[in-house]
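What follows is a set of notes on a single structure, which appears directly below.
The values are calculated or read from the model by the stated rules, or taken from the named source; none is laboratory data. All values derive from a computational prediction rather than experimental measurement. So basically every Cβ, Gly included, is an ideal-geometry build from the backbone, and we count neighbours across all protein chains shown.
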Amino acid sequence: MNDRPAADFPACDIAVVGSGAAGLAAAVSAARAGCTTRLIDPRAGPGGTAGFSGLTTLCGLFDEAGDWLNGGFSREFAEALAEGPPVRQGRVWLLPYQPERFRTRAAEFLAGAPGLTVHWGTPLGRVQVEDGHIVQLNDFPVRAVIDCSGTAEVARLAGIPCLATDEITQAPAVIFPLHGVRHDCSSPLANLRLLLPLARAGLPPLHLQPGREPDTVTAKFSGPPAQVEEVITVLRREVTGFAHCSSPAREFHCTPRAGRMILGRHLLSGSEVLTAQKFADGVVRGAWPVEQWNAAGQCRLRYLPAGAYYDIPARALQAAEPRNLFMAGKTISADVDAIASARVMGCCLATGAAAGQLAAAWVRSGADSPGTPIAR
Amino acid sequence: MSEILAVEARLLEFLRTERFSAGRDITAETDLVASGFDSLAMVSLLMFVEKSFGLWIPQNELTGENLQNPHSLAAMVVRLLHNQPPVA
Ligand SMILES: Cc1cc2nc3c(=O)[nH]c(=O)nc-3n(C[C@H](O)[C@H](O)[C@H](O)COP(=O)(O)OP(=O)(O)OC[C@H]3O[C@@H](n4cnc5c(N)ncnc54)[C@H](O)[C@@H]3O)c2cc1C
C-alpha cells in the first residue's frame, strides 16, 4: 500500500470511494482479485461509521442459529476483529467490537492488499462520464468505480439517478458510550426500568447495546445532542445500576442513519427481504430484520421467517447506468425497507467484498457477466 | 375486587383505543408481551397508569408478573393506591 496524493498516479483499474465497512471490503477484494485499486476518503484513515461513530456491535453477520451468513472477506475481517464470541439479543446475534481495533485492523488489511493505493484526506472532487462510462475520477483515469460513500457521492457528482433518502424511517441518533453501568441490555424489564424515568422526564428513549468492556454499554439516543447530559443525570438519579454511570465522550453529535441508494440493474425491495427471496445471481446473504427508527426513538423491527435469509443479487450492486459503476454498503440499489435491513455493518462488509469481486470481473472481461457466481 | 375490575376497565379502554384499534380482541387476560408489546409500548401504558391514577410506580414493581396482562396490572395499581407492598 502506498500513501501519496492522488495527482501523482497514472490510471488504475478500480477506484473505491469511501473507506467505511463497505469501502474497506471493496478495496481489499478488488485488489486481491488482481486489479490495481485506489481508495479515497476525506478522513485521515479507514473505518467510516464503524470506526468513528462510537458504535460497538457488528450486526448482520449471523443467521438466527448463530451461523455465519457469508464467508470470504466479511468473515475473515470479523474474525480478525473479534475478541470474543457473538452475543444473542432476542432473535439476532451481535458481535461486540472496539472501534479503535476496527480502524487498526482495517489499516492492516489495506496495507496487506497487493496493488492497492490509499489516499487519505482526499474527498471525491470530480467524476467524468464519457459514452456511458465513468472514465476519470479526480485526477486519475479509471476502468470501474465502487461508490462506498454511504451518501452516493459518485452518483451525485455524475448526475446519476438516486433514490430519495428517508430520514422519516431512518432517523439519525446520537451514539455515545456509558461506563460504570450494571445493565442487562437483553432484558426487556431492565430496559423498561430505564425507559420509564426518561419518559417521566419528557425525554426521548435511549437504546442500549452491550459494550466491549464489562460494565460499559453503547447508547443510541434519539433526541438532540444537547439533551444527553440531562439523560445521564436522570439515569444516575433514578435507575438501579446507573448510579455511577458517566460518558467518556467529550462531545455529542448526531450520526445519520439514512443511506442514499443508487438505482441498479435490480432494485431490492422490502418484500423480497421479508419473504427471504433468492436470486440466481445472489452474491450476499442477509438476515437482519427491517429496522426502522422514527424521530421519537421508536424502533420497528420486521423479521424474516424463522431461520431464513435473503439474497442480495449482483444486479443490486451494479448501477443501471453507467455499467462500470458498482456500489456497496448504504448505497446499494435497495428501497427504503430493504436498506433498513441491509445497512448493518456485517452486510456492508459482505456487499463491499462482493462489489470488489464484481468490479474486478467486469474490468477483466470488459463486459457484464450477470450470473457470475461469486464465492460467498 | 370490584375496585380491580374498575381499574381493569380503564386500562382496557385505553388499550382498545391506543393500541388495539385495528379490531383486535383484548381482554383482561391478554398477554401483553405475547401480543406485541415492546418496551416503548409498555412505557406508554405505564405513563397512562401513572397519570390516570396519580401514581408513581417504583422500579421494583416493574416485574414480569405485574406487567403480564391488564388484570395483573390492575391488581398492582390497586395495591399501590392502598400503599401496600408487593406480594412476595
Ligand atoms: C445511530 C446508528 C446506529 C447504528 N447501529 C448499528 C449497529 O449497532 N450495528 C451495525 O452493524 N450497524 C449499525 N448502524 C448502521 C451502520 O453503522 C452503517 O449503516 C454502516 O456502517 C455503513 O457503512 P458504509 O461503509 O456503507 O458507510 P460509512 O461507514 O458511512 O462510510 C462512508 C465513508 O465514505 C467517506 N466519504 C464520505 N463522503 C466522501 C466523499 N465525498 N469522497 C470520498 N469519501 C467520502 C466517509 O468519510 C466514510 O469513511 C447504525 C447506524 C446509525 C446511524
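Would you check which residues across the stretch A:314-325 are crowded, with 24+ Cβ neighbours inside 10 Å and either part of a loop (DSSP other than H, G, I, E, B) or away from the ligand (no atom under 13 Å from the Cβ) (or both) and list them? Break it down into steps so the answer makes sense when it comes.
Step one: of the stretch A:314-325, the residues crowded, with 24+ Cβ neighbours inside 10 Å are A:314, A:316-319, A:325.
Hits for the stretch A:314-325 are A:A314, A:A316, A:Q318, A:A319, A:L325.
Could you please let me know if A:L163 is more than 10 Å from the ligand (Cβ to nearest atom) and more than 14 Å from chain B (Cβ to nearest Cβ)? Yes; evaluated as a whole, the condition is true for this residue.
Restricting the stretch A:328-341 to residues that are surrounded by 24 or more Cβ atoms within 10 Å (Cβ to Cβ) and more than 9 Å from the ligand (Cβ to nearest atom) leaves a set whose member that is nearest to A:P289 (Cα to Cα) is A:S341. Taking every residue in the stretch A:254-282 that is more than 16 Å from the ligand (Cβ to nearest atom) and pairing it with any residue that is among the aromatic types (F, W, Y), at least 6 positions away or on another chain, the pairs with Cβ-Cβ distances below 7 Å are A:E272/A:Y310; A:A276/A:Y309; A:A276/A:Y310; A:Q277/A:Y310.
Given the residues A:R285, A:R300, which is the only one that is at pLDDT below 90 and part of a strand (DSSP E or B)? So that I can check it myself, show each step before the final result.
On the way: A:R285 fails: at pLDDT below 90.
Among A:R285, A:R300, only A:R300 is at pLDDT below 90 and part of a strand (DSSP E or B).
The listed residues are B:L45, B:L67, and the only one of them that is crowded, with 17+ Cβ neighbours inside 10 Å, touching a residue at least 24 places away in the same chain (Cβ under 8 Å), within 13 Å of another protein chain (Cβ to nearest Cβ) and more than 15 Å from A:A199 (Cα to Cα) turns out to be B:L67. When A:V129, A:V135, A:V118 are checked against the criterion of being in contact with an Asp or Glu (Cβ under 9 Å, 6 or more places away or on another chain) and not in a loop (DSSP other than H, G, I, E, B), a single residue qualifies: A:V118. Of the residues in the stretch A:145-159, at least one is surrounded by 20 or more Cβ atoms within 10 Å (Cβ to Cβ), at pLDDT below 95 and within 16 Å of the ligand (Cβ to nearest atom). If you go through the stretch A:6-24 one residue at a time, do you hit one that is surrounded by 24 or more Cβ atoms within 10 Å (Cβ to Cβ), more than 8 Å from the ligand (Cβ to nearest atom), within 16 Å of the chain's Cα centre (by Cα) and at pLDDT 95 or above? The answer is yes, given that some residue of the stretch A:6-24 is surrounded by 24 or more Cβ atoms within 10 Å (Cβ to Cβ), more than 8 Å from the ligand (Cβ to nearest atom), within 16 Å of the chain's Cα centre (by Cα) and at pLDDT 95 or above.
If I filter the stretch A:68-78 for residues that are outside any helix (DSSP H, G or I), of a type outside the set (A, V, I, L, M), away from the ligand (no atom under 13 Å from the Cβ) and without any contact (Cβ under 8 Å) to a residue 40 or more places away in the chain, do I get at least one hit?
Quick first cut of the stretch A:68-78, residues outside any helix (DSSP H, G or I) only: A:68-71.
So of that shortlist, the ones also of a type outside the set (A, V, I, L, M) come out as A:68, A:70-71.
Still in the running and away from the ligand (no atom under 13 Å from the Cβ): A:68, A:70-71.
From what is left, the residues that are without any contact (Cβ under 8 Å) to a residue 40 or more places away in the chain are A:68.
So far as the stretch A:68-78 goes, yes, one or more of its residues are outside any helix (DSSP H, G or I), of a type outside the set (A, V, I, L, M), away from the ligand (no atom under 13 Å from the Cβ) and without any contact (Cβ under 8 Å) to a residue 40 or more places away in the chain.
Scanning the stretch A:202-225 for residues that are surrounded by fewer than 17 Cβ atoms within 10 Å (Cβ to Cβ) and touching a His at 6+ places or on another chain (Cβ under 9 Å) yields A:E213, A:D215, A:P225. Here A:A280, A:A249 are screened, and the one residue that is more than 14 Å from chain B (Cβ to nearest Cβ), within 27 Å of A:K330 (Cα to Cα), of a type outside the set (F, W, Y) and touching a strand residue (DSSP E or B) at 6+ places or on another chain (Cβ under 6 Å) is A:A249.
Within the stretch A:158-172, residues that are over 26 Å from A:Q136 (Cβ atoms) and β-branched (V, I, T) reach partners that are within 12 Å of the ligand (Cβ to nearest atom) and part of a loop (DSSP other than H, G, I, E, B) with beta carbons closer than 6 Å, at six or more positions or on different chains, in the pairs A:T165/A:A258; A:T165/A:R260.
Is it the case that the stretch A:226-236 has a residue that's within 14 Å of chain B (Cβ to nearest Cβ), β-branched (V, I, T) and either buried (at least 16 other Cβ atoms within 10 Å of the Cβ) or more than 16 Å from the ligand (Cβ to nearest atom) (or both)? Yes, the stretch A:226-236 has at least one match. Note on the stretch B:48-64: residues that are assigned to a loop (DSSP other than H, G, I, E, B), in contact (Cβ under 8 Å) with a residue 12 or more places away in the chain and more than 11 Å from every other protein chain (Cβ to nearest Cβ) amount to 1.
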